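Here the structure is laid out as structure tokens; the discussion comes afterwards.
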Amino acid sequence: MTYPTDPQCLFCKIVSSVIPSKKVFEDEEFFAFHDINPWAPIHFLIIPKMHIPSMAQVTVEHEPLLGRMMVLAPKLALEQGAGHYPDGGFRLVLNTGNHGGQEIHHLHMHVLAGPRPWFKG
Ligand code: AMP
Ligand code: ZN
């Protein structure tokens, strides 16, 4: 499958293994890996392989892709050790733009889980 990438982008480099990561999951459309600076006992990122800078650029064409990303998140959270709902659960975060606290401009969803307190949030 071919998809748009940005050779300068850190997360595109992680997808192409130019930069190493601790991989959680990979299929044709998505890549998931542990956050290098975790805020919670379980903290990984799910990214589309396609370079989309942020949620601010999504269009109706991305609906199916983002729908699949939302369905993937709970499955991977459980696989990574998140407790079952409602006592366990997880938190999904999509920082967007500077005011949204986004540092890496390749769309990514943080998946946070595990017993509290958490370092952040
Ligand atoms: P955000 O602030 O939403 O853009 O989050 C970017 C996240 O990427 C932060 O939580 C960083 O710790 C994480 N991060 C940055 N570089 C790497 C890397 N090389 N491998 C894994 N996670 C990273
Ligand atoms: Zn990218």
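The values are calculated or read from the model by the stated rules, or taken from the named source; none is laboratory data. Everything quoted here is computed from the prediction, not taken from an experiment. Ideal geometry is used to build each Cβ from the backbone, glycine not excepted, and the neighbour counts take in all protein chains shown. We work out accessible area using only protein heavy atoms, side chains counted, and drop any ligands, DNA or RNA first. Shrake-Rupley method; radii C 1.70, N 1.55, O 1.52, S 1.80 Å.
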From the option list Ala73, Ala77, single residue qualifying as open to solvent by less than 10 Å² (accessible area, probe 1.4 Å), within 17 Å of Glu28 (Cα to Cα), more than 15 Å from ligand 2 (Cβ to nearest atom) and part of a helix (DSSP H, G or I) is Ala73
Among the residues of the range 46-68, the number that are hydroxyl-bearing (Ser, Thr, Tyr) and over 12 Å from the mean Cα position of the chain (by Cα) is 1
Of those in the range 22-61 that are assigned to a helix (DSSP H, G or I) and within 15 Å of Leu94 (Cα to Cα), the residue nearest to ligand 1 (Cβ to nearest atom) is Met55
Note: among His106, His110, just one is open to solvent by less than 50 Å² (accessible area, probe 1.4 Å), closer than 15 Å to Phe11 by Cβ, outside any loop (DSSP other than H, G, I, E, B) and touching a residue at least 40 places away in the same chain (Cβ under 8 Å), namely His110
Only one of (1) hydrophobic (A, V, I, L, M, F, W, C); (2) without any contact (Cβ under 8 Å) to a residue 40 or more places away in the chain; (3) closer than 19 Å to Lys23 by Cα does not apply to Leu65, and that is (3)
Of (1) open to solvent by 60 Å² or more (accessible area, probe 1.4 Å); (2) more than 13 Å from ligand 2 (Cβ to nearest atom); (3) of a type in the set (Phe, Trp, Tyr), Tyr3 fails just (2)
Every listed condition ((1) away from ligand 2 (no atom under 14 Å from the Cβ); (2) part of a loop (DSSP other than H, G, I, E, B); (3) open to solvent by less than 70 Å² (accessible area, probe 1.4 Å)) holds for Ile19 save (1)
Taking first residues from the range 4-28 that are under 12 Å from Ile47 (Cα atoms) and second residues anywhere that are assigned to a strand (DSSP E or B) and within 14 Å of ligand 1 (Cβ to nearest atom), the pairs with Cβ under 6 Å that are 6 or more apart or on different chains are Phe11/Ile47; Val15/Phe31; Lys23/Phe33; Val24/Ala32; Val24/Phe33; Val24/Phe44; Phe25/Ala32
